[in-house]
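The values are calculated or read from the model by the stated rules, or taken from the named source; none is laboratory data. Just so you know, these numbers come straight off a predicted model, no measurement behind them. For neighbour counting, all protein chains shown are included, and Cβ atoms are generated from backbone atoms with ideal geometry for every residue, glycine included. With ligands, DNA and RNA removed, areas are computed over all heavy atoms of the protein, side chains included. Shrake-Rupley method; radii C 1.70, N 1.55, O 1.52, S 1.80 Å.
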Amino acid sequence: MIIKLIPLILVILFFYIGFAYSSKSMSHKLRKNSFPLKDPVFQVHLDDFCRALNISNLQIKILNDKQINGLVAPDGTIYITQGFLDKYNSGQVSSTEIASVIAHELGHLALGHTKKRMVTFSAISALTFALSTFLSRVVPYLGSIIGRYLSQLILAGLSRKDEFEADAYASALLVKTGIGIVPQISLLEKINTLTGAITPKITWTMSHPSPIERVTAIKKLAASWVRHESKDQN
């Protein structure tokens with residue numbers, strides 16, 4: 001049985017090594033294209049996060065990119081794009097709203113999503129390769145398309161789950177530091193306007209839930225905290 005699985009294990013290992021190499025390369029490119037965030041207003045929020053998380057230091061880097069985004073690199077560095085900072089400097093985004101993005105990326109980091117994605121992507125890519133090869137024999141040409149589509153659905157579903165988890169972590173951290181969830185919600189409610197993006201009606205093929213879905217989940221989580229707090233007081 002184990003001998004039969006060796007080809008699949010080798011394919012998974014192949015994709016894992018490839019993903020690890022590309023991740024290392026991406027981290028290097030991000031470091032070269034960024035600089036530390038040095039702003040007294042943001043430093044207050046970062047200090048609050050450090051106290052809440054019991055860590056000594058938290059450095060955020062600004063990525064030289066006009067897109068509006070936040071991300072955590074494979075090496076654990078958190079980035080906010082220059083585009084986001086420009087929106088802050090123009091008054092369209094508040095410091096607490098950007099702090100909610102940083103809290104979200106801290107959630108990805110704390111929950112190990114980056115490492116999990118590396119393993120998951122490698123395994124699913126290997127299975128997709130095997131499935132596409134098999135289906136291509138049954139349904140020529142269409143087999144590989146079906147295999148890739150199924151892979152996309154699985155990866156998108158796992159990615160959306162990670163986003164909800166990172167949002168929940170961010171909500172808890174924001175409440176703990178006294179910022180609260182209002183900035184987190186307000187940013188999500190206007191994020192499409194800021195980015196010019198249009199959320200399709202069908203989101204199950206997307207890597208991120210729609211802003212509406214994320215806001216609904218955050219409000220539901222906050223309501224559950226209120227109920228638990230009421231029970232504790234009683």
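So that you can scan it fast, the table gives a plain yes or no per residue for (1) among the aromatic types (Phe, Trp, Tyr); (2) over 17 Å from Leu194 (Cα atoms); (3) outside any strand (DSSP E or B):
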{"residue": "Phe49", "(1), (2), (3)": "yes, yes, yes"}
{"residue": "Ala52", "(1), (2), (3)": "no, yes, yes"}
{"residue": "Lys61", "(1), (2), (3)": "no, yes, no"}
{"residue": "Ala99", "(1), (2), (3)": "no, no, yes"}
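In the stretch 166-198, which residue that is over 18 Å from Lys220 (Cβ atoms) and small (Gly, Ala, Ser) is modelled with the lowest pLDDT?
Across the stretch 166-198, the extreme among qualifying residues is Ala197.
Could you list, in sequence order, all residues of the stretch 173-193 that are open to solvent by 30 Å² or more (accessible area, probe 1.4 Å) and touching a Gly at 6+ places or on another chain (Cβ under 9 Å)?
Within the stretch 173-193, no residue meets the criteria.
For the stretch 23-38, enumerate the residues that are in a loop (DSSP other than H, G, I, E, B), within 18 Å of Ile98 (Cα to Cα) and either open to solvent by 40 Å² or more (accessible area, probe 1.4 Å) or modelled with pLDDT under 90 (or both). Show your work before the answer.
Looking only at the stretch 23-38, we keep the residues that are in a loop (DSSP other than H, G, I, E, B), and these are 33, 37-38.
Now narrow it down to the ones that are within 18 Å of Ile98 (Cα to Cα): 37-38.
Scanning the stretch 23-38 gives a single hit, Lys38.
Check the stretch 56-76 and report whether any residue there is more than 20 Å from the chain's Cα centre (by Cα) and either aromatic (Phe, Trp, Tyr) or open to solvent by 40 Å² or more (accessible area, probe 1.4 Å) (or both). Break it down stepwise before answering.
To start, the set of residues in the stretch 56-76 that are more than 20 Å from the chain's Cα centre (by Cα) comprises 56-57.
Next cut, either aromatic (Phe, Trp, Tyr) or open to solvent by 40 Å² or more (accessible area, probe 1.4 Å) (or both) only: 56-57.
Yes, some residue in the stretch 56-76 is more than 20 Å from the chain's Cα centre (by Cα) and either aromatic (Phe, Trp, Tyr) or open to solvent by 40 Å² or more (accessible area, probe 1.4 Å) (or both).
I need the full set of residues from the stretch 86-104 which are under 20 Å from Leu174 (Cα atoms) and either in contact with a strand residue (DSSP E or B) (Cβ under 9 Å, 6 or more places away or on another chain) or not polar (S, T, N, Q) (or both), in order please.
Answer for the stretch 86-104, where residues must be under 20 Å from Leu174 (Cα atoms) and either in contact with a strand residue (DSSP E or B) (Cβ under 9 Å, 6 or more places away or on another chain) or not polar (S, T, N, Q) (or both): Tyr88, Val93, Glu97, Ile98, Ala99, Val101, Ile102, Ala103, His104.
Go through the stretch 37-87 and report how many residues are on the phi > 0 side of the Ramachandran plot and in contact (Cβ under 8 Å) with a residue 24 or more places away in the chain.
1
Quick one: how many residues across the stretch 78-94 are surrounded by 15 or more Cβ atoms within 10 Å (Cβ to Cβ) and touching a helix residue (DSSP H, G or I) at 6+ places or on another chain (Cβ under 7 Å)? Outline the logic, then answer.
Taking the stretch 78-94 as the starting set, the residues that turn out to be surrounded by 15 or more Cβ atoms within 10 Å (Cβ to Cβ) are 78-85, 87-88, 93-94.
Okay, now just the ones that are also touching a helix residue (DSSP H, G or I) at 6+ places or on another chain (Cβ under 7 Å), so 78-80, 84, 87-88, 93-94.
Residues flagged as surrounded by 15 or more Cβ atoms within 10 Å (Cβ to Cβ) and touching a helix residue (DSSP H, G or I) at 6+ places or on another chain (Cβ under 7 Å) within the stretch 78-94 amount to 8.
Identify all residues within the stretch 47-70 that are within 12 Å of Leu106 (Cβ to Cβ) and aliphatic (A, V, I, L, M); write none if there are none.
Of everything in the stretch 47-70, those that are within 12 Å of Leu106 (Cβ to Cβ) and aliphatic (A, V, I, L, M) turn out to be Ala52, Leu53, Ile55, Leu58, Ile60.
Failed condition for Phe134, given (1) surrounded by 18 or more Cβ atoms within 10 Å (Cβ to Cβ); (2) modelled with pLDDT under 95, with all others met?
(1)
Looking at the structure I just gave you, is Leu155 at negative phi, surrounded by 15 or more Cβ atoms within 10 Å (Cβ to Cβ) and either modelled with pLDDT under 90 or of a type in the set (Lys, Arg) (or both)? Don't jump to the end; show me each part of the working.
Numbers: at negative phi: yes; surrounded by 15 or more Cβ atoms within 10 Å (Cβ to Cβ): yes; either modelled with pLDDT under 90 or of a type in the set (Lys, Arg) (or both): yes.
So Leu155 fits the description; yes.
Quick check on the stretch 208-229: of everything there that is at pLDDT 70 or above and farther than 15 Å from Ile181 by Cβ, which residue is surrounded by the fewest Cβ atoms within 10 Å (Cβ to Cβ)? Walk me through how you get there before you give the answer.
Pass one, the stretch 208-229, residues at pLDDT 70 or above: 208-227.
Retained after the next criterion (residues that are farther than 15 Å from Ile181 by Cβ): 208-210, 212-213, 227.
Working: His208: 15, Pro209: 21, Ser210: 17, Ile212: 13, Glu213: 17, Arg227: 9.
Restricting to residues being at pLDDT 70 or above and farther than 15 Å from Ile181 by Cβ, the top hit is Arg227.
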